[in-house]
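A short reminder: the numbers here are calculations on the coordinates, not readings from a lab. Keep in mind that this is a model prediction, so the values were computed, not measured. Cβ atoms come from the backbone with ideal geometry, glycine included; neighbour counts cover every protein chain shown.
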Amino acid sequence: MFPKATINRCLFFLILSTQFLQCNNGQTIDAIPNLNFEEWEENSLQDDPFLMADTTHKIANAKVGKLTGWSAFGQSAVRTTDAFEGDYALVVNSWYGTGPGVVDLGQCRVTNRSQACGMPFQGRLNKLNGHYKLVAGSTQDNHVLRGSVAVYSFRYNAASQKRDTVALGQLFLEPTEEYTPFEFKINTILEDVLSDSIAVVFRVDGSDCQHGKCNYFYLDNLEIQGETTLECPYHGWRFGTDGVCRLMPSL
């Protein structure tokens with residue numbers, strides 16, 4: 001039997017949180033920033049001579065810059081007006097042939113699972129969908145071009161001082177010169193654990209961008225579905241959007 005004081009405190013917390021529970025429908029997660037790639041830091045945008053020199057697969061109004069809320073390897077992030085929806089889309093380009101193009105949310109790059117890794121997020125993830133196109137500039141022999149989208153959710157483990165992977169999903173995408181829909185499931189690994197952070201990683205294979213052979217991975221109109229939870233500050237209990245307790249870590 002739960003202590004009466006504990007139950008009363010959490011009920012009081014739920015009453016105060018009614019606005020949250022009514023507004024979040026448990027499907028599309030709006031807490032993840034800029035998934036439509038409309039917001040860019042204007043003072044960071046600039047022309048890139050190598051992208052401008054690529055006349056074979058020219059990116060419409062290409063500007064290299066900082067995508068708000070995201071990080072990128074080198075100058076991998078490019079803003080374009082060739083969008084599936086809205087004003088802009090993201091192009092991940094294989095930056096100057098020095099390696100793959102990488103743009104990520106959470107600054108994890110997947111291999112870094114320190115305490116600081118990941119964007120704060122409480123809840124469960126179900127699937128990701130969106131639109132993409134992948135333009136091949138590389139002509140290397142036996143080269144198989146692919147773009148990938150990966151989603152990871154973590155929870156910090158105090159004993160190991162690392163983040164345990166709670167759920168993950170990844171999809172490899174083939175070249176196409178027209179915007180194409182995609183969707184994949186985010187699979188739960190730890191059933192009785194709710195995540196406290198997430199990471200999203202976009203990656204495209206490297207190529208010789210210095211000689212006009214860049215690979216361009218266009219992404220737009222992304223949506224992550226799942227359920228956010230709300231944590232009671234008294235004992236760390238987690239409640240879903242229907243008010244049902246999802247996790248009781250203090251018991």
Sequence ranges 178-188, 35-45, 163-173, ranked by mean other-Cβ count within 10 angstrom, highest first: 163-173, 35-45, 178-188
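So how do 52, 119 line up by other beta-carbon neighbours within 10 Å, fewest first?
52, 119
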Each label point is 7 Å from the Cα along the Cα-to-Cβ direction; what then is the distance between the points at residue 185 and residue 146, in nm? 1.9 nm
Sorting check: for 221-227, 59-65, which peptide has the highest mean count of neighbouring beta carbons within 10 Å, and how do the rest follow? 221-227, 59-65
